[in-house]
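Please read the structure below before turning to the comments.
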Amino acid sequence: MSRYIPTLSFHWFTPIYDPLLKWIMREETFKQGLLRQVGIVPAMQVLDLGCGTGTLTLMLKRAHPDAVITGLDGDSQVLDIARQKSRGMNIQWDEGLASALPYPDSTVDRVVTSLVIHHLSTEEKRRAFNEMYRVLKPQGQLHVLDFGAPHSAFTRLIAKYMRRLEETADNFDGLIPLFIKEAGFGGVEEAKHFVTIFGPLSSWRAVKGV
Ligand SMILES: C[S@@+](CC[C@H](N)C(=O)[O-])C[C@H]1O[C@@H](n2cnc3c(N)ncnc32)[C@H](O)[C@@H]1O
C-alpha cells in the first residue's frame, strides 16, 4: 500500500500552505502561466486533480466562469479550506485518489494538475497518468505543472538536495514526460520552465489521441 503525502508532507503544516506558496514560491507566476496554457472555452469540463486548498481551481473558475470546474483531492482537510475559499462560486469539490478517479471514461475536456505528481510513488504516477488518459475525451488535453529536469547548474544543485523530498526523484530525472507518453498521450511537450527556490518547475502539455 502506498503512503499518502499531504500538501506539505505533514497534516499539521497544511494551514501555512497558502502563505508559503504565495510569498516564497511565486505561485502567482507559474499558476497564471498554467492558466494561459490550458486553453479553456465555455462549457468545457475541467478537472483540477490534486487541487489542494483550491487556489488554482478558483483562478480557473474566475477566468472561465462558463466552464464546469471540478477540484479533486484525496485529503478532506484541504478540501474544507477550498470550500471555504470558494463560497458563492459554482465549483464541484470531490474527494478521491489520482490512481482511481471517480469519473466515467471520456468525459473530461481538460485535466490540470499542479504540484501533485511529486507526491506519488513511481507506480502511482503511472497509474495516475493512465487514469487521466481514461477520463479525458478524445482530443482532450492534459496540463501538468511539477518539478522537472534542471536546465542549469544552479537548478541542478537545488535538485541534488530536493530529490530526497517526497517522491521528487523521478521528476528531477526527467521521467515525467516519459510516463505521460507511456499512458498513451501524444504531443507531449514542455511548454514552460520556471526556477523557484525549491527547484525547477516545468509545465507539460499532452493530448489524448494524437
Ligand atoms: C503540494 S499540494 C498541491 C495543491 C495544488 N494543486 C496547488 O498547486 O497548490 C499536493 C496535493 O496533492 C494531493 N494528493 C497527494 N496525493 C494524492 C493522491 N494520490 N490523490 C489525490 N490527491 C493527492 C494532496 O492532498 C495535496 O493537496
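Excluding Val111 itself, calculate the net charge of residues whose Cβ lies under 12 Å from the Cβ of Val111, where each Lys or Arg counts +1 and each Asp or Glu counts -1. Can you show the working numbers first?
Numbers: positive: Arg110, Arg134, Lys137, Arg205, Lys208; negative: Asp48, Asp109, Glu131.
Here the charged neighbours net out to +2.
Legend: distances between Cα atoms for Lys160/Lys208; Lys31/Lys125; Lys85/Lys160; Lys85/Lys181; pairs beyond 29 Å are Lys160/Lys208; Lys85/Lys160; Lys85/Lys181.
Please report the net charge: other residues with Cβ closer than 11 Å to the Cβ of Gly199, K and R +1, D and E -1.
On the way: positive: Arg156, Lys160, Arg163; negative: Asp146.
Here the count lands on +2.
Calculate the all-directions average of the projected area of the chain's alpha-carbon convex hull, and give it in nm².
Numbers: hull surface 42.4 nm².
Projected over every direction and averaged, the Cα hull of the chain covers 10.6 nm².
Could you provide, to the nearest whole Å², the per residue accessible area of the chain with probe 1.4 Å?
Values: 9710 Å² over 210 residues.
Per-residue accessible area for the chain comes out at 46 Å².
Rounded, prolate or oblate, given the Cα gyration tensor of segment 1-105, with a/c below 1.5 counting as rounded? Cα axes put segment 1-105 in the oblate bin.
Of all the accessible heavy-atom surface of segment 1-147, with the other protein chains kept in place and a 1.4 Å probe, what percent is carbon and sulfur? Could you put the intermediate results ahead of the total?
Working: 3680 of 6680 Å².
Looking at segment 1-147 in its full context, I get 55 percent from C and S.
The values are calculated or read from the model by the stated rules, or taken from the named source; none is laboratory data. Predicted model, so just to flag it, every value in this text is computed and none were measured. Cβ: placed from backbone, ideal geometry, glycine included. Neighbour counts: every protein chain shown. What goes into the accessible areas is simple: the full protein's heavy atoms, side chains included, and nothing from ligands, DNA or RNA. Shrake-Rupley method; radii C 1.70, N 1.55, O 1.52, S 1.80 Å.
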